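Q: Mind looking over this structure? Questions follow.
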Amino acid sequence: MSNPNPDMNALGVMALELAGGQQPRLAALPSSQAGELAALVGRDLQKLVPQASGLDLVLAAAHFDPAEVLRPGWPVHRRLEELQMRAPGRNQGPRLLAFGADAAGDVPLPLQADPALTGGGLRVLPFVLTGSDTTLLAETRDALEEVLLANGMAQADTALLAQDAFGAQVEHARYFTVNDLAAMMAMQYDNQGLAGLWPLLETAMFSPQREQWLDAAPEPLLRYTGSEVRMALFDPAGWCAHYAHDRNDCDRLQRVYEQYLMRQRQMAAVLEAHGLDVLYVHVEAGQDAREVMAH
């Protein structure tokens, strides 16, 4: 898996593995605690990758579902980059920037997590390392890729502060690059029987201009192109014909067809969680589904 863009900032997350399905009490930290957490995260990252000390660290002191981070165009990290560009003190040496709740305790729009995606056992706090020295940035990015997956545990005091500040029981706190997070999600989907979806998601994130199909019976027929996923929608007879079931069997396969529709809904929900639009393409009886999907 390649880096999203060779000129890009170093994109990563602090991942909080929560105990027993408990959700954090706070969605985002107030500014004083956000600053404290950023200072500890910065210290941890510099211990792991000393080059990081020469770069700005921009931390979202707000937690998201991994799928919100793993989206085409890296929208959550983009928001952090925009906030960093507007922050005072540019060109005055490396800065520590933390963004959390405002003075009234409200979470600003750029840091609001999708309420439909709460409830998972892993919440992530995105961060960006950035600076004008492109050589240092490239070195830091490469070093993070080498170090974090194997050795990126947060220090005990960092994990404890995150636990206390967010009001969540944290079993593990560790650092990942976005590539690490993607690799972890790929394994998770594999374990959930969704391995076939990953090539589409990976293409959308890392090579958005490319096309990618899921064309492996008995799975739904999908095509990623132009930042959306098209999904073939069959009636029972068309489904039976496309998946080459014997016509005499079709009536007896009603339950299998219903399972297929459930599978489509499951896949659509995962794709939409990753920020991809799903367009349903009706395939009439007698039409070639692949041909219809290709237009």
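The values are calculated or read from the model by the stated rules, or taken from the named source; none is laboratory data. Small disclaimer: the values here were computed from a predicted structure and weren't measured. When we count neighbours, we look across all protein chains shown, and the Cβ atoms used for this are built from the backbone with ideal geometry, even at glycine. Surface areas here come from the heavy atoms of the whole protein model, side chains and all, with no ligands, DNA or RNA. Shrake-Rupley method; radii C 1.70, N 1.55, O 1.52, S 1.80 Å.
Q: Would you check which residues across region 250-295 are open to solvent by less than 80 Å² (accessible area, probe 1.4 Å), in a helix (DSSP H, G or I) and over 16 Å from Q212 (Cα atoms) and list them?
A: Once the filter is applied, which keeps residues that are open to solvent by less than 80 Å² (accessible area, probe 1.4 Å), in a helix (DSSP H, G or I) and over 16 Å from Q212 (Cα atoms), region 250-295 yields C250, L253, V256, Y257, Y260, L261, R263, Q264, Q266, A269, V270, A273.
Q: Quick one: in region 190-238, of everything that is at pLDDT below 95 and of a type in the set (F, W, Y), which residue is nearest to G286 (Cα to Cα)?
A: F234
Q: Further question: For region 78-92, indicate whether the set of residues that are open to solvent by less than 50 Å² (accessible area, probe 1.4 Å), at positive phi and not polar (S, T, N, Q) is non-empty. First the steps, then the outcome.
A: To start, the set of residues in region 78-92 that are open to solvent by less than 50 Å² (accessible area, probe 1.4 Å) comprises 80-81, 83-84, 87, 89.
Restricting the remaining residues to those that are at positive phi gives 89.
If we keep only those that are not polar (S, T, N, Q) too, we end up with 89.
The answer is yes; a qualifying residue exists.
Q: Would you mention how many residues in region 1-24 are of a type in the set (D, E) and either modelled with pLDDT of 75 or more or over 26 Å from Q46 (Cβ atoms) (or both)? Quick ask: steps written out before the conclusion?
A: Applying the first criterion (of a type in the set (D, E)) to region 1-24 yields 7, 17.
Keeping just the survivors that are either modelled with pLDDT of 75 or more or over 26 Å from Q46 (Cβ atoms) (or both) gives 17.
Result for region 1-24: 1.
Q: Oh, and also: Condition check: over 24 Å from G120 (Cα atoms) and open to solvent by less than 10 Å² (accessible area, probe 1.4 Å). Does V58 satisfy that? I'd like the intermediate steps shown before the answer.
A: Numbers: over 24 Å from G120 (Cα atoms): yes; open to solvent by less than 10 Å² (accessible area, probe 1.4 Å): yes.
So V58 passes the test.
Q: Continuing with this model, one more query. Scan region 164-173 for residues that are surrounded by fewer than 16 Cβ atoms within 10 Å (Cβ to Cβ) and either charged (D, E, K, R) or more than 21 Å from the chain's Cα centre (by Cα) (or both) and jot them down. Steps first, answer last, please.
A: Just the residues of region 164-173 that are surrounded by fewer than 16 Cβ atoms within 10 Å (Cβ to Cβ), to begin with: 164, 167, 169, 171-172.
Across region 164-173, the qualifying residues are D164, G167, Q169, E171.
Q: Which residues, taken from region 150-163, are in contact with a helix residue (DSSP H, G or I) (Cβ under 9 Å, 6 or more places away or on another chain) and either loosely packed, with under 14 Cβ neighbours inside 10 Å or over 28 Å from R25 (Cα atoms) (or both)?
A: N151, D157
Q: Among the listed residues Q209, Q254, identify the single one that is of a type outside the set (D, E) and more than 26 Å from E68 (Cα to Cα).
A: Working: Q209 fails: more than 26 Å from E68 (Cα to Cα).
From the options Q209, Q254, the qualifying one is Q254.
Q: Does region 51-72 contain any residue that is assigned to a helix (DSSP H, G or I), modelled with pLDDT under 95 and in contact with a strand residue (DSSP E or B) (Cβ under 8 Å, 6 or more places away or on another chain)?
A: Within region 51-72, none of the residues are assigned to a helix (DSSP H, G or I), modelled with pLDDT under 95 and in contact with a strand residue (DSSP E or B) (Cβ under 8 Å, 6 or more places away or on another chain).
Q: Okay, moving on. When both residues are 6+ apart or on different chains and their Cβ atoms are under 6 Å apart, which pairs have a first residue that lies in region 144-172 and is under 13 Å from Q46 (Cα atoms), and a second that is open to solvent by less than 70 Å² (accessible area, probe 1.4 Å) and aromatic (F, W, Y)?
A: Close Cβ pairs satisfying both conditions: L148/Y175; L148/F176; G152/Y175.
Q: Oh, and also: Looking at (1) of a type in the set (D, E); (2) modelled with pLDDT under 95; (3) closer than 29 Å to W74 by Cβ, can you tell me which one D288 breaks?
A: The one condition D288 does not meet is (3).
Q: For region 112-124, name all the residues that are at pLDDT 90 or above and either touching a Ser or Thr at 6+ places or on another chain (Cβ under 9 Å) or open to solvent by less than 80 Å² (accessible area, probe 1.4 Å) (or both).
A: Within region 112-124, A113, D114, L117, G121, L122, R123, V124 meet the criteria.
Q: Which residue, of A38, A27, is open to solvent by less than 10 Å² (accessible area, probe 1.4 Å) and either more than 14 Å from F127 (Cα to Cα) or of a type in the set (A, V, I, L, M, F, W, C) (or both)? So that I can check it myself, show each step before the final result.
A: Working: A27 fails: open to solvent by less than 10 Å² (accessible area, probe 1.4 Å).
Being open to solvent by less than 10 Å² (accessible area, probe 1.4 Å) and either more than 14 Å from F127 (Cα to Cα) or of a type in the set (A, V, I, L, M, F, W, C) (or both) holds for just one of A38, A27, which is A38.
Q: Separate question: Which members of region 129-143 meet the condition of being open to solvent by 40 Å² or more (accessible area, probe 1.4 Å), of a type in the set (S, T, Y) and not in a helix (DSSP H, G or I)?
A: Once the filter is applied, which keeps residues that are open to solvent by 40 Å² or more (accessible area, probe 1.4 Å), of a type in the set (S, T, Y) and not in a helix (DSSP H, G or I), region 129-143 yields only S132.
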